[in-house]
Amino acid sequence: MTALDHPKQNRWLIGIHGNVLLLGIVSFFNDAASEMIYPLLPVFLATVLGAGPAALGIIEGIAESTASLLKLASGFISDRVHRRKNWVVGGYVLSNAARPLIGLTTIWTGVLALRFIDRIGKGVRTSPRDALIAESTPIEYRGKAFGFHRAADHAGAVVGPLLATLLIVLFQYDLKTIFILSVIPGLLAVAVLSAGVKETPIEARPAARHEPLQIRRAWREMPIPLRRFVLLLFLFTLGNSTDAFLLLKAQRLGVSVAMIPILWTVLHIVKMGSSVPGGILSDRWDRKGVIVMGWIVYAATYAGFAIADSAWQAWALFMIYGLYFGLTEGAEKTLIADLAPAHLRGSAFGLYNLMIGIGALPASLLFGWVWQVYGDAAAFGMGASFALAASLFLMRLHVRR
């Protein structure tokens with residue numbers, strides 16, 4: 001009996017094939033490898049290397065800033081050279097070669113160097129990969145495709161910490177061995193990517209093709225709705241601080257330290273479960289409307305944290321927070337793909353990722369300062385206000401499908 005005999009049973013698979021399916025598998029293995037290390041990194045720095053919180057701040061600040069800048073550059077260059085796959089492969093190879101070596105370092109500056117290389121890999125691959133997904137999918141299924149990719153990524157974020165927990169028991173808290181073993185899912189990611197993912201044709205610049213493409217010219221050639229959307233995204237990001245503050249608030253509401261990893265896993269499960277439905281909704285309804293809905297969910301979640309006073313409310317709010325990711329992650333990328341000229345799609349994704357990256361640092365600094373000076377309720381209220389303001393402006397943005 002063929003799939004055509006029962007088309008309804010396979011409706012979830014429409015648009016999820018070829019590059020989209022394989023890049024989802026790649027992200028699953030890569031995120032599993034990354035999440036085997038990342039949650040344990042603060043413990044490793046403190047207990048094994050004797051480094052303090054300041055070292056962790058320096059490491060993560062430099063690493064994430066590097067990734068944000070390179071996401072713009074890699075997307076732009078992939079447009080110029082008309083190639084995506086080589087950048088994606090190179091980025092994943094770099095990250096998965098550097099991360100396991102953290103287990104061999106003896107000083108915190110070694111961790112800094114390896115995290116720097118890891119984030120170079122992330123910066124190099126992200127924008128070309130997103131453009132490759134968009135170019136591998138018919139426009140009517142792009143939301144589902146990006147939703148599937150995010151779901152696979154979040155699934156890896158669930159499996160990675162569980163694997164790390166199992167290995168902690170098996171190897172009696174030998175963190176170095178666990179870090180080194182993360183090379184296994186990393187190698188699987190690179191193997192699937194290298195052997196299966198195919199390059200897609202990239203449309204050349206329609207005029208003056210002999211002229212070198214410049215970043216300023218690329219910005220001028222992007223449609224006005226796209227430029228306005230990324231600026232609104234930056235406004236929203238100013239209220240989107242690090243999730244570490246949510247975990248801190250959960251602890252203050254009575255969630256025990258032992259239950260924090262479970263709470264974090266629940267969040268990723270909700271992200272995973274809502275990503276594909278959120279992407280499908282953006283295909284069937286309206287990209288902008290789904291994003292507005294997600295941003296309003298974010299505002300409501302932060303407003304809820306501002307007035308929450310018990311542990312059960314923290315659990316409920318974390319699950320609602322997961323819906324924000326399901327509604328926005330795929331829809332935002334799909335809207336970028338819809339609005340960007342085909343020959344500038346990599347640059348558009350680079351700009352999108354840059355706006356999120358450069359907004360994240362001041363957002364966290366501002367949130368932390370407001371929390372310390374005026375209290376957590378004021379800080380969460382501020383985050384909700386930024387999200388609500390961005391939502392209202394986005395409602396007024398004219399976007400033609």
Conditions (1) over 25 Å from His268 (Cβ atoms); (2) part of a helix (DSSP H, G or I); number of the one not met by Glu199 | (2)
Scanning for something surrounded by fewer than 21 Cβ atoms within 10 Å (Cβ to Cβ), in contact with a Lys or Arg (Cβ under 8 Å, 6 or more places away or on another chain) and touching a residue at least 24 places away in the same chain (Cβ under 8 Å), does segment 106-114 turn up at least one residue?
-> no
State yes or no: is Val266 assigned by TED's automatic domain parsing to the domain that holds Asp338 and surrounded by 18 or more Cβ atoms within 10 Å (Cβ to Cβ)?
-> no
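Considering only residues that are in a loop (DSSP other than H, G, I, E, B), closer than 23 Å to Ala360 by Cα and among the hydrophobic types (A, V, I, L, M, F, W, C), which ones fall in segment 233-292? Lay out the reasoning, then the answer.
At the first step, the residues of segment 233-292 found to be in a loop (DSSP other than H, G, I, E, B) are 238-243, 253-256, 285-286.
Retained after the next criterion (residues that are closer than 23 Å to Ala360 by Cα): 238-243.
Hit for segment 233-292 is Leu238, nothing else.
Looking at Ala97, Ala73, Ala131, which one is assigned by TED's automatic domain parsing to the domain that holds Ser27, farther than 26 Å from Ile168 by Cα, among the hydrophobic types (A, V, I, L, M, F, W, C) and more than 16 Å from the chain's Cα centre (by Cα)?
On the way: Ala97 fails: farther than 26 Å from Ile168 by Cα; Ala131 fails: more than 16 Å from the chain's Cα centre (by Cα).
So the residue among Ala97, Ala73, Ala131 that is assigned by TED's automatic domain parsing to the domain that holds Ser27, farther than 26 Å from Ile168 by Cα, among the hydrophobic types (A, V, I, L, M, F, W, C) and more than 16 Å from the chain's Cα centre (by Cα) is Ala73.
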Hey, among Thr301, Thr328, which residue is buried (at least 18 other Cβ atoms within 10 Å of the Cβ), under 16 Å from the mean Cα position of the chain (by Cα), of a type in the set (Ser, Thr, Tyr) and in a helix (DSSP H, G or I)?
-> Thr328
Filter segment 184-199 for residues that are surrounded by 17 or more Cβ atoms within 10 Å (Cβ to Cβ) and among the hydrophobic types (A, V, I, L, M, F, W, C); which is farthest from Ile37 (Cα to Cα)?
-> Val197
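The values are calculated or read from the model by the stated rules, or taken from the named source; none is laboratory data. All figures in this text were calculated on a predicted structure; none of them were measured in a lab. All Cβ positions, even for glycine, are placed from backbone atoms using ideal geometry, and neighbour counts span all protein chains on display.
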